[in-house]
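The values are calculated or read from the model by the stated rules, or taken from the named source; none is laboratory data. Note that the structure is a prediction, hence the values are computed from the model and not measured. Cβ: placed from backbone, ideal geometry, glycine included. Neighbour counts: every protein chain shown.
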Amino acid sequence: MHQIDFTCETPKMLLKSSIAQNSQGKGVLPPDRKGNGMRAFERLLQYVQVHTSSTEVREGTPSTERQRDFAKLLEQEMTGMGFTGVSVDNHAYVYGTLPATPGLESVPAIALIAHLDTIPDEDYPGFGVKPQLIRNYQGGAVALGDSGRVLDPEMFPDLAGCIGHTLMTTDGTTVLGADDKAGIAEILTACEDLVRARIPHGRIEVCFTPDEEIGHGAALLSLERLNAAFGYTVDGGDVSELNSETFHAAGADVRFHGVNVHPGEAKGKMRNASLLAMEFHAMLPSGDQPALTEGYEGFYHLTSMRGDVESAELHYIIRDHDSAVFQARLGIMEHAAEVLNERHGEGTVMLEFRSQYRNMNEILSQVPEVLARAEKAVIAAGLNPKHVPVRGGTDGSQLSFRGLPCPNLGTGGAGFHGPYEHITAENMELAVSVLKNLVSLRDDTGNGNCDTILTRSLTSREI
Ligand SMILES: [Zn+2]
C-alpha cells in the first residue's frame with residue numbers, strides 16, 4: 001500500500017486566490033515556483049474542487065447552474081491569459097480566441113474543446129472531491145482514503161506506466177473529475193505555454209461545453225462563434241490514443257400492453273405485459289450485451305425496465321461501429337416486435353427508436369489531414385499513436401456531422417466515471433505537449449495548416 005503524500009482539503013481557496021489575482025488586472029496567472037505559469041496538474045487540482053456535475057432530471061442547458069459558475073471562473077482565467085472575445089453564453093458555453101501570431105493570421109483556425117461537467121451525482125458523487133496525491137508513485141495498490149476501495153494495478157494496468165509519476169486519485173467516495181477538467185487544464189496550459197514561449201501558431205478557438213455527460217454538449221455549440229476549420233475534443237484516456245471512430249447510436253423504447261383479469265379466472269384471457277417484455281428480450285441475441293463485448297463488437301443494452309400485468313416498458317440503447325450491422329440490429333428489434341404482434345394481437349407491442357449519434361469516421365475519413373495532424377502531434381511528443389475506436393460517442397461525433405471535423409485526444413486520465421478515476425502530472429504534461437504540437441505544426445509548404453482542410457470541411461457541412 002502506498003503512502004499518501006497529502007489529501008487536498010482546501011484548493012478551492014487556491015482557485016479563488018488565483019482568480020482574485022487575475023481580476024485585479026495583473027493579466028497573468030500566478031506564476032509557479034519556476035516562473036512558468038501554472039502547470040496542467042495544478043490547474044486540475046483546483047478545478048476538481050468545483051462541483052460541476054450535470055443531471056438528467058432537469059430540462060434545459062446547462063442542466064445545472066453550477067456548471068455556469070465554473071464557466072464564469074474559466075472566463076476570468078482566460079481573460080487574464082490573453083484570450084480575446086472571451087464569453088460565457090446563455091447556455092454556459094465558454095468561448096475564447098487565442099489570436100494567431102504575426103504572419104499566421106490566414107491559417108485556418110483550430111478549435112480545442114473540452115467539457116465542463118462531470119457525470120450526474122446520481123451515478124457517482126462529484127461534490128466534496130478530496131484528491132490524494134502520491135509523489136514518485138512506486139507501483140502497487142493505493143488505498144483510496146478510508147473508503148475501503150483500492151486502486152489496483154490488476155484492475156488498472158495503466159498504473160504500471162505511472163511509476164515515478166505524481167499520481168492524483170480520489171479518496172474513494174467521489175469521482176475525481178479529471179473527465180474532463182483535465183482536458184480544460186491541458187488546453188489552457190498549452191495556450192499559456194504558447195504565449196509565454198512565443199511559439200508561432202494560427203488562430204486557436206477554445207470552447208468549453210456543458211452537459212457532455214448527458215449527451216447535450218455539442219448541440220448548442222455555436223459553430224459560427226467558433227469559426228474554426230476543424231477541431232479536437234480533449235476528452236479521452238491514454239495520451240497516445242486517438243479516437244476517430246465512435247459508435248452509431250440509437251435508443252429504443254418498447255411498450256407492452258397487457259390484459260389484466262383475476263388470476264383465478266385468467267385462463268385464455270390474461271395477457272401479462274411483463275411476460276411479453278421478457279419474451280421480447282429473449283428474442284434479441286443474448287451475447288450482444290455490454291458485459292460480453294469489446295473492440296468493434298456492438299450490443300443491445302437494456303438500460304431500464306418497468307412492468308406489471310397491465311403494461312410494461314423496456315428501454316434500450318443500441319450501439320455498433322459498422323453502419324450496416326447497426327441497421328441490422330434495429331431490424332432484429334423491429335422483427336421481434338412484429339412477431340409478438342402477430343402472436344398476441346396487433347398493438348401488443350409498440351417500438352420506437354430515437355436516433356442519437358453516428359460514427360464520426362464517416363466524416364473524418366473524408367478529411368484525413370485532420371487525423372494525420374493529430375498523429376504527427378503525438379509522434380512529436382515522443383509517443384506512438386494508437387487508433388482506438390470509442391465504445392461510445394464524443395461531442396466530436398455530433399460536431400463532425402455539423403461541419404466541424406473533430407477527433408478526440410487523450411487527457412492521460414483513466415478509470416473515468418467512478419471512484420477509481422486517476423491521472424498523473426507527467427501524463428498531463430504529455431497531453432499539453434501534444435496540444436502545443438498540434439497547433440504549431442506546419443505543412444510542407446511552411447504555410448501552417450493545409451488550406452485543403454478548410455475547403456473539405458466546408459463541403460462536409462452539406463452532408
Ligand atoms: Zn468526458
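Mind counting the residues in region 49-72 that are hydrophobic (A, V, I, L, M, F, W, C) and either in a loop (DSSP other than H, G, I, E, B) or surrounded by fewer than 22 Cβ atoms within 10 Å (Cβ to Cβ) (or both)? Quick ask: steps written out before the conclusion?
Let us first name the residues in region 49-72 that are hydrophobic (A, V, I, L, M, F, W, C), namely 50, 57, 70-71.
Remaining after also requiring either in a loop (DSSP other than H, G, I, E, B) or surrounded by fewer than 22 Cβ atoms within 10 Å (Cβ to Cβ) (or both): 50, 57.
Residues that pass the stated criteria total 2.
Inspection of region 111-127 finds no residue satisfying the criterion of being touching a strand residue (DSSP E or B) at 6+ places or on another chain (Cβ under 9 Å), surrounded by fewer than 17 Cβ atoms within 10 Å (Cβ to Cβ) and in a strand (DSSP E or B). Taking residues in region 326-345 that are farther than 10 Å from PHE280 by Cα, and partners anywhere that are modelled with pLDDT of 95 or more and in a helix (DSSP H, G or I), the pairs with Cβ atoms closer than 8 Å and at least 6 places apart or on different chains are HIS344/LEU276.
For region 259-294, a tally of residues being among the small types (Gly, Ala, Ser), without any contact (Cβ under 8 Å) to a residue 24 or more places away in the chain and in a helix (DSSP H, G or I) returns 3.
Matching residues to (1) modelled with pLDDT under 95; (2) under 27 Å from SER365 (Cβ atoms); (3) in a strand (DSSP E or B):
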{"position": "GLU297", "(1), (2), (3)": "no, yes, no"}
{"position": "LEU302", "(1), (2), (3)": "no, no, yes"}
{"position": "ARG306", "(1), (2), (3)": "no, no, yes"}
{"position": "ALA312", "(1), (2), (3)": "no, no, yes"}
{"position": "ILE318", "(1), (2), (3)": "no, yes, yes"}
{"position": "ALA324", "(1), (2), (3)": "no, yes, no"}
{"position": "GLY331", "(1), (2), (3)": "no, yes, no"}
{"position": "GLU334", "(1), (2), (3)": "no, no, no"}
{"position": "ALA337", "(1), (2), (3)": "no, no, no"}
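Of all residues in region 390-409, those being outside any helix (DSSP H, G or I), out of contact with any Phe, Trp or Tyr (no Cβ under 6 Å at 6 or more places or on another chain) and within 10 Å of ASN359 (Cα to Cα) number 3. Restricting attention to region 192-209, does a residue exist that is assigned to a helix (DSSP H, G or I), closer than 15 Å to ALA114 by Cβ, touching a strand residue (DSSP E or B) at 6+ places or on another chain (Cβ under 8 Å) and touching a residue at least 12 places away in the same chain (Cβ under 8 Å)? Checking region 192-209: not a single residue is assigned to a helix (DSSP H, G or I), closer than 15 Å to ALA114 by Cβ, touching a strand residue (DSSP E or B) at 6+ places or on another chain (Cβ under 8 Å) and touching a residue at least 12 places away in the same chain (Cβ under 8 Å).
Hey, can you tell me all the residues within region 361-404 that are without any contact (Cβ under 8 Å) to a residue 60 or more places away in the chain, among the hydrophobic types (A, V, I, L, M, F, W, C) and within 17 Å of ALA229 (Cβ to Cβ)? Answer for region 361-404, where residues must be without any contact (Cβ under 8 Å) to a residue 60 or more places away in the chain, among the hydrophobic types (A, V, I, L, M, F, W, C) and within 17 Å of ALA229 (Cβ to Cβ): just ALA372.
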